[in-house]
């Protein structure tokens, strides 16, 4: 199969198309024909040498998030069959024609989403959900401060907080505040020119917020 590899660390021009072996299917794996792969900050760090030559568990090939079609299922998988459209987080290997994913990390792609949109969802939304809703315990009626709210994970957190029914304070650069407000933030704060603590204190009569999320 074809995959994206690189011999030396550097800018995007080090990436090359190469022939590599098809990943070996393990009992808990789905083998997926990749239609789209996410491009995340981790991928850029990987390409530039920030992790050395890592193996994230599934492959040494770049890429941590895929959307595609199941073409083979491992003996221990449940709930998926050949032909299903899936998206999910992988331990490397997304930048390839075929990738393996643990079935417990795969999610069905809703009919309303194409593969490109689906590939942009798992990494950021799973991270945001884990931090804010699972660990942070955000609930309807709570308030949350989300830093770096214009970034990938930050913008996912804003949307999840909005869907939860929380009051949202969000920091970002001035040029991105309008977009953050469109995603659902109630109060947007320019972190370069405003003191977020003062803004929140004034807006909440000194109460503050229930949860603070800082992905930076």
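Here the range 13-43 is the region considered, the condition is being at pLDDT 95 or above and out of contact with any strand residue (DSSP E or B) (no Cβ under 8 Å at 6 or more places or on another chain), and the residue that is nearest to residue 78 (Cα to Cα) is 27. Within the range 186-216, restricting attention to residues that are touching a residue at least 40 places away in the same chain (Cβ under 8 Å) and in a strand (DSSP E or B), the residue that is surrounded by the fewest Cβ atoms within 10 Å (Cβ to Cβ) is 212. Those strands (runs of 3 or more DSSP E) of the range 57-166 in which 3 or more residues are more than 13 Å from residue 30 (Cβ to Cβ) and in contact (Cβ under 8 Å) with a residue 12 or more places away in the chain occupy 143-146. The lone criterion from (1) outside any loop (DSSP other than H, G, I, E, B); (2) at pLDDT below 95; (3) farther than 22 Å from residue 127 by Cα left unmet by residue 52 is number (1). When residue 56 is tested against (1) more than 21 Å from the chain's Cα centre (by Cα); (2) surrounded by 12 or more Cβ atoms within 10 Å (Cβ to Cβ); (3) farther than 29 Å from residue 111 by Cα, exactly one condition is not met: (1).
To keep it simple, each residue is scored yes or no on (1) in contact with a helix residue (DSSP H, G or I) (Cβ under 9 Å, 6 or more places away or on another chain); (2) under 26 Å from residue 39 (Cβ atoms).
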| position | (1), (2) |
| --- | --- |
| 147 | yes, yes |
| 151 | yes, yes |
| 154 | yes, yes |
| 160 | yes, yes |
| 163 | no, yes |
| 171 | yes, yes |
| 186 | yes, no |
| 205 | no, no |
| 212 | no, no |
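Does residue 85 qualify as being surrounded by 14 or more Cβ atoms within 10 Å (Cβ to Cβ) and under 30 Å from residue 13 (Cβ atoms)? Spelling it out, it is not the case that residue 85 is surrounded by 14 or more Cβ atoms within 10 Å (Cβ to Cβ) and under 30 Å from residue 13 (Cβ atoms). When the range 1-27 is filtered for residues that are closer than 18 Å to residue 82 by Cα and either surrounded by fewer than 12 Cβ atoms within 10 Å (Cβ to Cβ) or within 22 Å of the chain's Cα centre (by Cα) (or both), the ones remaining, listed by number, are 24, 27.
Does residue 142 satisfy being closer than 25 Å to residue 168 by Cβ and either more than 15 Å from the chain's Cα centre (by Cα) or surrounded by fewer than 23 Cβ atoms within 10 Å (Cβ to Cβ) (or both)? Judged against the criteria, residue 142 is a match.
The values are calculated or read from the model by the stated rules, or taken from the named source; none is laboratory data. Keep in mind it's a predicted model, so treat the numbers as computed, not measured. For neighbour counting, all protein chains shown are included, and Cβ atoms are generated from backbone atoms with ideal geometry for every residue, glycine included.
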